[in-house]
Amino acid sequence: MKTIGIIGAGQLGQMIGYAGKRLNLDFVFLDPSENPPAKAAGPVLKYNFDDPEGLEKLAAATDVITYEFENVSVTALEKLDKETIVYPPTEALRLAQDRLEEKTLFQTLSIPVSGFQKIDSVADLEKAGLELGYPLVLKTRRFGYDGKGQCIVNHRNDIEEAVNQLGPRALIAEQFVPFDREVSAIGSRNVSGQLSYYPLTENLHREGILRESRAPTDAGNLESIANDYLKLLLTHLNYVGVLALELFVVDNKLLANEFAPRVHNSGHWTIEGSVTSQFENHLRAILDMPLGETTVLGAPGMLNIIGAMPQDSELLRNPSVNLHEYGKEARTNRKLGHLTIVAENPASRDIQLKELEKYLTN
Ligand code: AMP
């Protein structure tokens, strides 16, 4: 029996752990939090994510190490990589941690992106406004998540306030994309190089936070284009594990926004809605096992539960609803769980999701 080490013991770690039970795997997590969700799936070493002693203990107790969130120290991982096996590759994490590096990588691979520029000063943003036009989305290059660390610059007059709000950190300005919808492409690559893709998922965000995902989406030829982009990324990075690429659809064309070197919130529907979940395929990939089938079962839909758990017991009694509660303390804008349904067809899924939204407060 193999033991997997996971840096981070949040809900993604928890769901990787649950998926691993099917594969007869054991788990050890590293996380400084008091009561992390993944403690339900294995012991947690209570250390900071970059604590050398904690990482050493994790390496000693496990066969392969992976991570469930992006803000892991690349330096600490590089060191760990010399002692044990770490997947996904640290280079993929390094690039994903910096929006400028990430967008430059997309350009290098000829994956289309909206115009962007590096911003270090008010003068840089003035220049970006002239060259890229308004509106612009100003973002911190590092450590942004769920819409945090970004703001819209509509006009030359907004520049100073925007730079003051987000600076003095390193920033990037992107052209605002008037997208028709947002989608994510999720794929996996195992150590031997086998590739596999999930069908394109359509995502709805509010205030920068993912609220709903539906798959498969009626994407026509966009799905195979998105898979080409995934293939470019997975092979170029010599990637191992699950990778999620977030894209905008505008005028029936795809523009890449960002990628996550990990399992992704927009792939939670794969637990009930796919033959093999993204969590199982991540484990299969890092253990060099054959990747599982990614065929969709029916018409899955997922709703995030944010800020407060639904109190209505009717929801729990509904046999079509798969309720996942992560075991986290309620807090504004915090992801506390999700619901998945697998309907017979997209029309029925959309009706059911609308009904279920009523139980959610956020
Ligand atoms: P991000 O942190 O880059 O994933 O951004 C969070 C959300 O903000 C995205 O899912 C979009 O809804 C929105 N957003 C980010 N960048 C842009 C952009 N350049 N144009 C339009 N909307 C954006």
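The values are calculated or read from the model by the stated rules, or taken from the named source; none is laboratory data. Everything quoted here is computed from the prediction, not taken from an experiment. Cβ sites come from the backbone with ideal geometry, for glycine too, and all protein chains shown count toward neighbours. Keep in mind that these areas ignore ligands, DNA and RNA; they rest on the heavy atoms of the full protein, side chains included. Shrake-Rupley method; radii C 1.70, N 1.55, O 1.52, S 1.80 Å.
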Most fluctuating residue given options Pro261, Pro216, Pro168, as computed from a GNM of the chain linking Cα atoms under 10 Å: Pro168
Ranked order, Val342, Val72 - accessible area, probe 1.4 Å, largest first: Val342, Val72
Chain lengthening between His155 and Gln107 when straightened (0.36 nm per residue, less Cα-Cα): 14.6 nm
Exposure of His205 as accessible area (Å², to 10), given a probe of 1.4 Å and all protein chains: 50 Å²
Taking the chain and dividing mean pair separation by its residue count, relative contact order in percent (alpha carbons under 8 Å, at least six apart): 14 percent
Residue with peak Gaussian network fluctuation, the chain [Cα springs, cutoff 10 Å], from Ala285, Ala162, Ala38: Ala162
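Round to the nearest 0.05 the FRET efficiency obtained for Glu272 and Asn71 when R0 = 30 Å and r is the Cβ-Cβ distance. Please report the intermediate quantities before stating the final value.
Numbers: r = 29 Å, r/R0 = 0.97.
Taking R0 as 30 Å, the efficiency between Glu272 and Asn71 is 0.55.
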Of Thr104, Thr201, Thr90, the one that fluctuates the most in a GNM where the chain has Cα springs shorter than 10 Å: Thr104
Heavy atoms of Glu202 accessible to a 1.4 Å probe, total area in Å² rounded to 10: 60 Å²
Eligible lysines near Lys103 by straight Cα distance, threshold 24 Å, same-chain separation 8 or greater: Lys118, Lys127, Lys139, Lys148, Lys231, Lys253
Listed pairs Lys21/Lys79; Lys335/Lys358; Lys21/Lys46 exceeding 19 Å between Cα atoms: Lys21/Lys79; Lys21/Lys46
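Keeping every protein chain in place, order Val74, Val44 by accessible area at 1.4 Å, biggest value first, i.e. largest first. Walk me through the intermediate numbers first.
Working: Val74 20, Val44 45 Å².
Greatest to least solvent exposure: Val44, Val74.
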Spacing of the two label points (7 Å from each Cα toward its C-beta) at Glu83 and Arg206, in nm: 4.6 nm
List Asp98, Asp218, Asp228, Asp124, ordered by accessible area with a 1.4 Å probe, largest first: Asp218, Asp228, Asp124, Asp98
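Suppose the chain between Leu315 and Gln165 were pulled fully straight at 0.36 nm per residue; how much longer would it get relative to their current alpha carbon spacing? Don't skip to the answer; put the middle values down first.
Numbers: separation 150, 0.36 × 150 = 54.00 nm, distance 4.12 nm.
In short, 49.9 nm is gained.
Defining a contact as two alpha carbons under 8 Å apart and six or more residues distant in sequence, what relative contact order in percent does the range 174-329 show? Let's see the in-between values first.
Numbers: 292 pairs, mean separation 40.5, N = 156.
With pairs under 8 Å counted, the relative contact order is 26 percent.
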Förster-model FRET efficiency, 25 Å R0, Asn221 and Ile351, C-beta, rounded to 0.05: 0.35
³J(HN,Hα), Karplus 6.51/-1.76/1.60, whole Hz, each residue of the range 91-100, x for Gly, Pro: 4, 5, 5, 4, 5, 5, 6, 10, 4, 6
Share of alpha-carbon pairs per 20 Å distance bin for the chain, given as whole %: 29, 60, 11, 0
Mean-position separation - Cα centroids, the range 276-307 and the range 52-100, in angstrom: 22 Å
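Of the beta bridges DSSP finds with both residues in the chain, what % are antiparallel, to the nearest 5? Mind showing how you got there, number by number?
Numbers: 56 of 69 bridges.
Taking every DSSP beta bridge with both residues in the chain, the antiparallel ones total about 80 percent.
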Cα centroid of the range 106-166 to Cα centroid of the range 177-210, whole Å: 23 Å
Accessible area (Å², 1.4 Å probe, nearest 10) - Lys79: 120 Å²
